1. Could you give the C-alpha radius of gyration of the stretch 14-140 expressed as a fraction of 2.2 N^0.38 Å, taking N as the number of residues it contains?
2. Sticking to Cα atoms, compute the Rg of the stretch 199-276 to one decimal and its Dmax as the biggest Cα-Cα distance, whole number, in Å.
3. From zero outward in steps of 5 Å, how is the percent of C-alpha pairs of the stretch 45-112 spread across the bins?
4. For the charge dipole of the stretch 3-132, defined by +1 on Lys and Arg C-beta atoms and -1 on Asp and Glu C-beta atoms about the Cα centroid, which residue among Phe72, His100, Gly30 has the Cα displaced farthest towards the positive pole?
5. Using a cut-off of 14 Å between beta-carbons, work out the net charge of the residues near Arg95 (Lys and Arg +1, Asp and Glu -1, Arg95 not included).
6. Between the stretch 13-66 and the stretch 279-295, what is the separation of their alpha carbon centroids in Å?
7. What's the local net charge at Leu4, with K and R +1, D and E -1, over the other residues with C-beta under 14 Å away?
8. Cβ neighbours within 10 Å, averaged per peptide: list 129-141, 35-47 in order, most packed at the top.
Amino acid sequence: RGLLILEVKDWRLDTIRQASKQTWEIIPGGVPKSVINPSEQARHYAHQVVDALCKDKQLVQPEGKWQGMLTFPWSYGVVFTHITRKQFDTAELHRAIEPHRVICADEMTESADAEELQSRLWGMFPTLMRGVLSLPQIDRVRWILFPEVRVPTQSSLFTSDEKADADALPDIMQVMDLQQEQLARSLGDGHRVIHGVAGSGKTMILGYRAEYLAKAASDGKPILVLCYNEPLAVKLASMMEAKGLNERVHVRNFHKWCRQQLVAFGQELPPNKMAVGAKMDDMVDRVIRAVDRKHIPSGQYLAVLIDEGHDFRPEWLKLVTQMVDPSTNSLLLLYDDAQSIYERQRSKQFSFKSV
């Protein structure tokens with residue numbers, strides 16, 4: 001149907017002291033505060049969105065009277081999650097906001113009529129606007145408005161597209177599908193395992209999840225991303241740096257992380273004379289023993305995200321699981337059995353529940 005920008009307010013009726021078409025006086029927590037009219041706020045956001053979308057030639061009219069304008073309708077509105085329609089009318093809030101631009105609390109409950117809600121949403125669009133959003137256009141809108149769901153091209157995997165010049169918008173915009181985006185947003189805390197074949201977008205979901213967690217908790221303990229493959233770790237680290245998140249998200253190759261743990265907490269490193277393979281194994285064993293003896297602290301990270309989990313031995317997984325802050329218990333592991341380097345060495349009885 002089109003693009004609708006909604007400003008959501010959790011105000012209760014007794015939060016609102018005075019309302020006009022320009023400003024509202026509210027008293028959150030008992031402290032008076034003057035704010036812009038929510039409808040005006042939504043309108044302002046809508047114009048910002050439209051200005052951004054109009055820079056994409058595939059979203060605008062190429063010629064004619066409406067040349068340069070969006071090919072589909074757009075509008076804006078307000079959602080009051082704690083004010084019913086009866087309260088809205090009784091308080092005469094319609095004097096400050098056009099009633100057809102408002103969705104009230106009792107109009108979006110599970111028991112509310114879905115067609116009636118849909119009709120209210122459609123009623124926010126100007127009747128003179130024509131056209132619809134095609135599926136390719138929806139993907140372009142998502143690409144422009146939500147940089148975190150962009151899928152980089154193969155040649156520039158994990159290179160940030162966020163700072164791309166508006167005049168150089170790509171003809172083909174690839175984004176996460178809605179299922180992938182919903183999965184990354186809704187994983188929640190606790191231990192989560194995502195199993196997918198190569199090329200199914202697991203690493204993309206991990207990168208999005210790391211960014212989401214970092215922005216949701218802007219201070220406190222960092223987030224750790226571990227990979228087996230060093231080049232992948234470098235690419236993921238570059239992506240986080242491009243987004244300005246390298247201080248919050250630490251991306252490491254697993255063995256490099258183990259060495260850093262030994263150095264950071266004053267533990268002895270393996271002798272240099274050891275063969276590389278034996279040295280790597282010994283380094284991991286030293287970290288495990290140091291954690292068991294509490295010489296290296298557990299719970300260092302707000303969350304731990306593991307890519308290429310199929311290449312992690314059970315004892316490695318047990319180790320990194322201990323690095324998660326118990327208050328969040330946030331662990332995400334992505335794996336593909338078909339690619340496992342260590343599958344032959346794993347016990348047939350191994351399960352992720354055991355770690």
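Computed from the coordinates by the stated procedures, all read-outs in this text should not be read as laboratory data. Values in this document were obtained by computation on a predicted structure and should not be read as measured data. Quick reminder, even Gly has a Cβ in these numbers, built from the backbone with ideal geometry, and neighbours come from all protein chains shown.
1. Ratio of Rg to 2.2 N^0.38 Å for the stretch 14-140: 1.26.
2. Rg and Dmax of the stretch 199-276, Cα atoms, are 14.5, 45 Å.
3. 3, 15, 19, 13, 10, 12, 11, 10, 5, 1
4. Farthest towards the positive end: Phe72.
5. Net local charge, Arg95 excluded: -1.
6. 56
7. +3
8. Order by mean packing, descending: 35-47, 129-141.
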